[in-house]
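> Pasting a structure below so you can have a look.
The values are calculated or read from the model by the stated rules, or taken from the named source; none is laboratory data. Predicted model, so just to flag it, every value in this text is computed and none were measured. Quick reminder, even Gly has a Cβ in these numbers, built from the backbone with ideal geometry, and neighbours come from all protein chains shown.
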Amino acid sequence: MKKHILEHGLSEFLIGLLFGFGLILSGMTDPGKVIGFLDLFGNWDPSLAFVMGGAIAVGFFAFRVAKDRTQNVLGGAMRLPTSKDIDQRLVIGSLVFGAGWGLAGFCPGPALVSLGAGQDKAVVFVIAMVLGMLAFEWLEGRRAKTAAAG
Amino acid sequence: MTIDWSHFTPWASLAGGILLGLASALFVLVNGRILGISGILGGLLKPKVGDVAWRAAFIVGLLAAPLLYAALRGPWDVRIEAGWGTVVAAGLLVGIGTRYASGCTSGHGVCGLSRLSPRSLVATLAFMGTGFGTVFVVKHLLG
């Protein structure tokens with residue numbers, strides 16, 4: 001029974017809660033702090049380098065364990081990315097994302113957490129972000145159709 | 001460059017980062033996937049049978065995190081300087097960019113670098129690069 005509940009999202013809910021808590025504690029939910037980190041040529045706040053360092057210090061060992069597993073702990077499949085392509089989509093997409101991140105100081109996780117806190121600008125940011133994601137789906141759909149027709 | 005000592009929070013940021021790493025570790029072991037916010041949210045926009053509940057549950061957890069944080073630790077700093085138009089433009093860029101890149105700060109920056117993925121290293125260098133560049137333009141060239 002316990003396993004059953006976990007498989008239906010309880011574990012993901014709790015991990016979401018932990019991740020969101022970590023984002024607030026780290027300072028990632030303060031756009032001013034994010035921009036302070038990105039402001040290398042001004043009054044620089046190096047805090048976010050510590051966020052990255054702390055996260056990777058734990059993640060490094062976890063993914064070494066995960067890499068050798070054939071199943072997750074609930075018995076489901078491991079679905080780690082297999083793509084190795086460093087292509088235009090990856091690079092241009094990341095460049096575009098970084099520009100948006102630097103403009104407002106929000107990346108997707110902190111924006112959702114701030115939406116949960118009821119901040120008006122986070123609400124608008126998330127709506128625009130979802131529209132951007134829907135634009136991607138639409139463009140991908142059109143590309144698939146063109147490919148099928150051609 | 002000067003260091004902004006008044007806002008520098010090495011211990012809270014390190015502790016928060018450790019929690020992010022811990023959450024990513026639990027996620028890959030329980031769910032089998034990379035904990036990447038843009039991918040988890042993006043998957044809800046083109047829903048597949050049996051692939052919705054866990055994504056929704058995770059997002060609800062993120063949305064509920066402020067309640068837990070406020071109850072345990074009280075309020076936190078929020079400084080938003082961007083105007084409404086900038087917020088809309090930024091949201092659109094982040095939405096479309098992260099989907100083309102197959103990841104954002106969490107998927108590429110935390111999980112990808114943790115698993116030493118060359119793709120994620122390129123992605124992280126690219127988004128940090130335009131992040132630094134955009135702030136430089138906005139604060140020092142236009143500001």
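> Here are B:Tyr69, B:Tyr100: which of them is facing chain A (nearest Cβ under 7 Å), closer than 18 Å to A:Leu134 by Cβ and touching a helix residue (DSSP H, G or I) at 6+ places or on another chain (Cβ under 7 Å)?
Every option except B:Tyr100 fails the conditions.
> Just checking, does region B:27-38 include any residue being of a type in the set (Val, Ile, Thr), outside any helix (DSSP H, G or I) and at pLDDT 95 or above?
yes
> Moving to a separate point now. Tell me which of these B:Gly85 doesn't satisfy, since it passes every other one: (1) within 7 Å of chain A (Cβ to nearest Cβ); (2) small (Gly, Ala, Ser); (3) assigned to a helix (DSSP H, G or I); (4) surrounded by fewer than 21 Cβ atoms within 10 Å (Cβ to Cβ).
(1)
> I would also like to ask the following. Quick check: anything in region A:117-127 modelled with pLDDT of 95 or more and closer than 15 Å to B:Cys104 by Cα?
yes
> For region A:79-99, what are the residues that are within 23 Å of B:Val78 (Cβ to Cβ) and either more than 7 Å from every other protein chain (Cβ to nearest Cβ) or over 14 Å from the mean Cα position of the chain (by Cα) (or both)?
Result: A:Ala99, single match.
> Something else: Answer yes or no: is there a residue in region A:56-64 that is closer than 25 Å to B:Ile18 by Cβ, at pLDDT 95 or above and within 16 Å of the chain's Cα centre (by Cα).
The answer is yes; a qualifying residue exists.
> Right, next: Do any residues in region A:35-52 that are surrounded by 24 or more Cβ atoms within 10 Å (Cβ to Cβ) have Cβ atoms under 6 Å from those of residues that are aliphatic (A, V, I, L, M), where the two are at least six apart or on different chains, and which pairs are they?
Pairs that qualify, where the first residue is surrounded by 24 or more Cβ atoms within 10 Å (Cβ to Cβ) and the partner is aliphatic (A, V, I, L, M), are A:Ile35/B:Val135; A:Phe37/A:Leu48; A:Leu38/B:Val135.
> Within region A:56-75, which residues are more than 8 Å from chain B (Cβ to nearest Cβ) and under 20 Å from B:Ser13 (Cα atoms)?
Answer for region A:56-75, where residues must be more than 8 Å from chain B (Cβ to nearest Cβ) and under 20 Å from B:Ser13 (Cα atoms): there is none.
> Name, by its number, the condition in (1) more than 7 Å from chain A (Cβ to nearest Cβ); (2) outside any helix (DSSP H, G or I) that does not hold for B:Thr124.
Every listed condition holds for B:Thr124 apart from (2).
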